[in-house]
Amino acid sequence: MLFGPSMLGNKNILGQTLFPVKGAVVLETVASFGLMFFFFIWCVKMDVATLMKTEKLAITVGISVFAFTLVIPTGLAILLRKYATMDSSLAQALPFMALSQTLTVFISIAVLLKDLKVLNTDMGRLTMSAAMFADIAGFTLTVIIFAVLQNQSGSFLTLAGLLLSVVALFLAVIFVMRPAILWTVKYSGGGSVNESCVVCIFLLVLLSAFISELIGQHFIMGPIILGLAVPEGPPIGTALMSKLETICMGFLYPIYLAVNGLQTDIFKIDLQSLWIVGLILMVAFVVKIGAVMLPGYFYNLPMKQCCVIGLLLNGRGIAELTMYNMWIGSKVCIYVCAYEIETSEFNF
C-alpha cells in the first residue's frame, strides 16, 4: 500500500517508474501461482475425516451461522437499497457484500486459530468443525452464484451443465487424481515420496486449476478440492509440507498480498457509501456471534465460550480477499469501498 496509489504511487510518474505495467503482469502471474499453492497446502493440512466426525453441536452451530448470516444481512441490504440514498454501483454491489458475510471459509479460520495457538484445543476443534459445515453450504452457494454469472444465455440447460461440470470435477479429483497420487507413492519405492511423485502432484494441482477455469469456476477451486482429497500426514502430506510450506508461506503468499496492496486506492473511498457498507458488516458481525450463542444456550455451552467462538468465526483473511478480487474481476462487485473491518489474520 505504501508503493501503491494510496501513497507514493499516487503520482503517475513515480508509480510507473517503480512498478511498470510490464513488471506488474509478471508479478500478478506469480501471485496467482502462489495463491493456488497456498490454498492447496492449507487444504492438505486439514484432516477432513476428523472434522466431519464431530458432535451435533458443531453441525448445529455451522447451520445456524450460515442461516442467520444469510437472512439478516441480506434483508438489511435490500431495505437499504430501497430506503437509503446511494449510487447505482453501490446498490448493485450491496446484496453481494451481504452475501459475502454468509461465508465462513475454514482456511481463514484455520490460519487464525494456528496463529492464536488454539487450533488443537477443544474450542479450536469445535470452531473448525462449525466452520467446515458452514463452509460446505457457503461453498455450494458460491458455486451456484458463479455458475449463474457465467450463464450468459440464461438457459436452464446451460446452467445445469455448468453445475454438473463442477460435480464432474469433484468426482474426477476423488476417483481419478487421488488414486493416481496414491498409486504413484505406492510404486515409487517402499511407500516413500520421491521427487517424481512431488512433481506429479504439482502438475495435478495445475491441471485441476486449469479444469476449474475451463468449466467457468475460479482456478483455486480445483486445488482446494485436490488438497482436501490428498491424505494428511506421512508420507504424502509431510513430504508436501517440506517442499511447499517455506516457499508458499514465506515468498509466494506475501507476493499476493503485496499485489493487492499495490492495487488499493484509499482515495476512492466514498464516505456516504462507507457507512452503508460498514453497517452491513457490523450487523453481520453481531449476527454471527448471536448465531453461535443461540444453539450454545440449548447445548449448555458457556456464553463466554460462545462469544469467543463467534469472534473466531468472524475471522477474515486471504480467502475473502481472493473472493472479492474474483467478484471484481467477473464484474459482480463493481464498487467495493472496504474489504473487511473485521478480525484479519494478516497485517500489511
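The values are calculated or read from the model by the stated rules, or taken from the named source; none is laboratory data. Quick caveat: nothing in here was measured; it's all calculated off a predicted structure. Heavy atoms of the whole protein, side chains included, go into the accessibility calculation; ligands, DNA and RNA do not. Shrake-Rupley method; radii C 1.70, N 1.55, O 1.52, S 1.80 Å.
Checking the a/c ratio against 1.5 first, then a/b against b/c, what shape does the Cα gyration tensor give for region 181-333? Because a/c hits 1.5 or more and a/b fails to exceed b/c, region 181-333 counts as oblate.
Solvent-accessible area of E195, all protein chains in place: 110 Å² (probe radius 1.4 Å, heavy atoms, ligands and nucleic acids excluded). Residue by residue, region 236-251 carries 3J(HN,Hα) couplings of 6, x, 5, 5, 5, 4, 5, 7, 10, 4, 5, 6, 6, 6, x, 10 Hz when phi is fed to the Karplus relation 6.51 cos²θ - 1.76 cosθ + 1.60 (θ = phi - 60°); x denotes Gly or Pro. Stretching F202 away from L2 to a fully extended chain increases their span by 68.6 nm, per 0.36 nm per residue minus the current alpha-carbon distance. Ranked from largest to smallest solvent-accessible area, with a 1.4 Å probe on the protein heavy atoms, C248, C307 come out as C307, C248. Close amide-amide hydrogen proximity is noted between R316 and T343, S344, E345, each under 5 Å apart and 5 or more residues distant or on a separate chain (H modeled in the peptide plane; Pro and chain starts excluded). The Cα atoms of region 252-328 give a gyration tensor whose axes a ≥ b ≥ c have a/c of 1.5 or more with a/b no greater than b/c, which makes the shape oblate. For S129, the accessible surface of its heavy atoms amounts to roughly 10 Å² (probe 1.4 Å, protein chains only, rounded to the nearest 10). Carbon and sulfur together cover what percent of the accessible area of region 223-313 at a 1.4 Å probe radius? The C+S portion of the solvent-accessible surface of region 223-313 is 73 percent.
Pairs K82/K268; K22/K243; K117/K304; K117/K243; K117/K268; K56/K304: which exceed 26 Å Cα-Cα? Long pairs (Cα-Cα over 26 Å): K22/K243; K117/K268. Sorting M293, M221, M241 on solvent-accessible area from highest to lowest, probe radius 1.4 Å, gives M293, M241, M221.
By its C-alpha gyration tensor, with a ≥ b ≥ c as the square roots of the eigenvalues, how is region 261-302 shaped: rounded for a/c under 1.5, else prolate for a/b larger than b/c, else oblate? Cα axes put region 261-302 in the prolate bin.
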